[in-house]
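What follows draws every value from the coordinates through simple rules; no lab data is involved. As the structure is a prediction and not an experimental result, all values here were calculated from the model. Please note: Cβ atoms are built from the backbone with ideal geometry, for glycine as well, and neighbour counts cover all protein chains shown.
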Amino acid sequence: MGAAQITFANVSLGFAGRDGLVLDDLSFAVAEGEVLVILGPSGCGKTTLLRLIAGLVAPATGAVLVEGRPPVAGAVSATVFQNFRLLPWKTVAGNLAFVLPDLAAPEREARVAHYLDRVGLTRFADSYPRALSGGMQQRVAFARALCAEPAVLLMDEPFASLDAQTRELMQGEVMALSRTTGEGARRTVVFVTHSVDEALLLGDRILLMSPRPGRIAAEIPVPFARQSADPRALPDFISLRERLWGALREMVLNDPRSDFYGRGQSLAADSPQDG
Ligand SMILES: Nc1ncnc2c1ncn2[C@@H]1O[C@H](COP(=O)(O)OP(=O)(O)OP(=O)(O)O)[C@@H](O)[C@H]1O
Ligand SMILES: [Mg+2]
């Protein structure tokens, strides 16, 4: 793993008109080429954390540095959003070309064609997003982010709205592409998820966040990261899964603003549901 590419130093942030802090005193670093997974319950500030890295919001106190500087939107990172955010009036190729306004037309077309091919959507270049399945739209969103050839890829629950089968196929395929740049170098990825299994399958390291205000509850290196075999039957996987799921369940059951507050008994009787 390389030097730190992203650093948070005592970062806190609130929003006007909202009580208290959203993120409270976060300090961590992401190494160049690392896949860092942010895992935490709804509302703990995961999207806000990505927006800080993207340069879309600035910290109230502390410092966020990307490649040694406060991030400028669009400069170093690109984001894959949870709901794809495709432009419905543009074709698939048009959605990709849209993020490359500074390239000359021939170069832009070549770049778009290259990334559509990488995600297997060449045949759909002239289709509109509404004609595509959810999994295909997700691949377009992903190709659009890669198209900018960002050093840092930010992914906000990119698989959350896919069915379980598509999700499993996409996880492998998309992550293989995300982790390497066009030149074969390792790319830095910050990946947000609610899902314990996804965190363990995709991350080199997991940052577990607790909610209201968002704090780092634990930092967990993934011992079986980047092994080609499916890790899900490993004892390490099973024990980490139990530990993370237990921690998340505690947070949600003890959060007065959660829908599950105080429902410990009835939920504890159920087996873990990962989603
Ligand atoms: N622009 C904003 N103005 C006011 N409050 C905001 C703003 N953005 C986020 N918040 C609040 O900050 C908190 C964290 O939001 P954020 O979207 O980062 O959470 P999250 O962990 O991504 O949640 P989820 O898992 O549901 O996507 C929430 O309470 C949210 O209401
Ligand atoms: Mg979010």
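Using only the alpha carbons, work out the radius of gyration and Dmax of the range 79-138 in angstrom.
Cα-based Rg and Dmax for the range 79-138 come out at 11.1, 31 Å.
For the chain, give the share of DSSP beta bridges that are antiparallel, in percent and rounded to the nearest 5; count only bridges with both residues there. Provide the component values of the computation, followed by the final result.
Values: 20 of 39 bridges.
Once the DSSP bridges in the chain are tallied, antiparallel ones form about 50 percent.
Counting other beta carbons within 10 Å of each residue's own, what order do Leu201, Leu103, Leu207 fall into, fewest first? If you can, show how the numbers build up before the last one.
Values: Leu201 21, Leu103 15, Leu207 24.
Ranking Leu201, Leu103, Leu207 by Cβ neighbours within 10 Å, fewest first, gives Leu103, Leu201, Leu207.
For the chain, what does the helix formula give at 222 nm: sum of -39500 (n - 2.57) over DSSP H segments with n ≥ 4, over the residue count, nearest 500 deg cm²/dmol?
Working: 8 runs with 90 residues, N = 275.
Value at 222 nm, helices only: -10000 deg cm²/dmol.
Roughly speaking, what is the stretch gain from Ala185 to Phe224, that is 0.36 nm per residue apart minus the C-alpha to C-alpha distance, in nm to one decimal? Present the calculation step by step, with values, prior to reporting the outcome.
Details: separation 39, 0.36 × 39 = 14.04 nm, distance 2.11 nm.
Stretched out fully, the Ala185 to Phe224 stretch lengthens by 11.9 nm.
Quick one: Phe15, Phe124, Phe224, fewest Cβ neighbours within 10 Å first, how do they rank?
On the way: Phe15 12, Phe124 19, Phe224 15.
The order, fewest Cβ neighbours first, is Phe15, Phe224, Phe124.
Kindly state, to the nearest 0.05, the FRET efficiency for Leu103 paired with Ser161, given R0 = 30 Å and r defined as their beta-carbon distance. If you can, show how the numbers build up before the last one.
Values: r = 30 Å, r/R0 = 1.01.
About 0.50, to the nearest 0.05.
Just the ratio, please: alpha-carbon radius of gyration of the chain over 2.2 N^0.38 Å, N its number of residues.
On the way: Rg = 19.0 Å, N = 275, 2.2 N^0.38 = 18.6 Å.
Taking the Cα Rg and dividing by 2.2 N^0.38 Å, one obtains 1.02.
Determine the sum of side-chain charges near Asp25: Lys and Arg each +1, Asp and Glu each -1, restricted to other residues whose C-beta is under 15 angstrom from that of Asp25. Show your work: numbers first, answer last.
On the way: positive: Arg212, Arg215; negative: Asp24, Glu219.
Here the count lands on 0.
Can you tell me what the convex hull of the Cα atoms of the range 5-128 projects to on average, as an area in nm²?
9.9 nm²
Taking square-rooted eigenvalues a ≥ b ≥ c of the alpha carbon gyration tensor, is the range 115-185 rounded, prolate or oblate, where a/c under 1.5 means rounded and, failing that, a/b exceeding b/c means prolate? Don't skip to the end; give the middle numbers.
Values: a/c = 1.81, a/b = 1.22, b/c = 1.48.
In terms of gyration-tensor shape, oblate.
Net charge around Asp156, counting only other residues with Cβ within less than 11 Å of its Cβ (Lys, Arg = +1; Asp, Glu = -1)?
Values: positive: Lys46, Arg51, Arg85; negative: Glu157.
Counting the neighbours of Asp156, the net charge comes to +2.
Could you tell me the convex hull volume per residue, in Å³, taken over the Cα atoms of the range 201-241? Kindly include the intermediate steps, with their values, before the conclusion.
Values: hull volume 2.7 nm³, N = 41.
Per residue, the Cα convex hull of the range 201-241 comes to 66 Å³.
With a 10 Å Cβ neighbour count serving as the proxy for reagent exposure, in which order, fewest first, do Arg130, Arg179 appear? Provide the component values of the computation, followed by the final result.
On the way: Arg130 8, Arg179 19.
With the fewest neighbours first, Arg130, Arg179 line up as Arg130, Arg179.
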